[in-house]
Amino acid sequence: MNIIKQYDRPNCVLTLEGFNENSSASQDDFDDDFGLISILTSAECVFKTSNQKLQGHRTFLENLARVINNYAQELLSGLSHSQEDLQEYPKISVTALDEAKKYKITVENDDDQEVKMQEIELRKTEFFDLLDVVDQFYADSTALPDVSLELEVVSKKLRQSEEPLSQRMVPVVTGTLSLALAAGILFVVPNPKPSDLEPSANPLPVEDIPAETVPLESDNGNSSEE
């Protein structure tokens, strides 16, 4: 049975199509495996605002998800991931354009493909919605369960920029990866100065108002004569 899964954001939709190779004829097994994609036949990523799309098969999806995940880690750490062990074809890369107002995704196919190279430019909102749908895919245990999110330790030798994190970040972020990026922004917000929390050195004068006193009346009726 063919299974279709969609991960949707306002500016980007990731659609996966495939089937479960281990599905059986028994009703119990069918219920347990319903909706599980273990064999992917196609993956398509549509960007609604710019009316562009990327598509391919399992290797394309794994490479795209890996590159997007690595780029999110770069935004947080400021450390560039090495490209020496770049994945097999199609090879995918991400480049920030116009001071991170746009992002270019390049897909390089092998020589057997009709289209050797494909490049698309995404707006900032589209790119961060792409981050979110990739995050949704990783979180879905019923879509290629053998594919998992990889967090890599990167050597400081690969640092390419000493630019402050607050300047590298962009404000449009959503999802788990995106929440992590937002947390990076909060990390660089300065604490309030102690002087802002201390009372003023010249407090306003407080006027002393004398309390009004009322004399007690003498009790003549109870006084004794000698």
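The values are calculated or read from the model by the stated rules, or taken from the named source; none is laboratory data. If you're wondering where the values come from, they're calculated on a predicted model, not measured in any experiment. Glycine also receives a Cβ, built like all others from the backbone with ideal geometry; neighbour counts cover every protein chain displayed.
Against the conditions (1) in a helix (DSSP H, G or I); (2) modelled with pLDDT under 95, where does residue 61 fall short? Just the number, please.
(2)
Of everything in region 1-23, what is of a type outside the set (Ser, Thr, Tyr) and assigned to a loop (DSSP other than H, G, I, E, B)? Give them in sequence order.
Here is the first cut: in region 1-23, the ones of a type outside the set (Ser, Thr, Tyr) are 1-6, 8-14, 16-22.
Scanning region 1-23 gives 1, 2, 10, 11, 20, 21, 22.
I'd like the full set of residues that are among the hydrophobic types (A, V, I, L, M, F, W, C) and either more than 21 Å from residue 130 (Cα to Cα) or surrounded by fewer than 20 Cβ atoms within 10 Å (Cβ to Cβ) (or both), limited to region 3-24.
The initial filter retains those residues of region 3-24 that are among the hydrophobic types (A, V, I, L, M, F, W, C), namely 3-4, 12-14, 16, 19.
Selection gives 3, 4, 13, 19.
Any idea which of (1) crowded, with 17+ Cβ neighbours inside 10 Å; (2) within 24 Å of the chain's Cα centre (by Cα); (3) at pLDDT 95 or above is the one residue 81 doesn't satisfy?
Residue 81 satisfies every listed condition except (3).
Among the candidates 68, 105, 120, single out the residue that is outside any loop (DSSP other than H, G, I, E, B) and at pLDDT below 95.
On the way: 105 fails: at pLDDT below 95; 120 fails: at pLDDT below 95.
The conditions single out 68.
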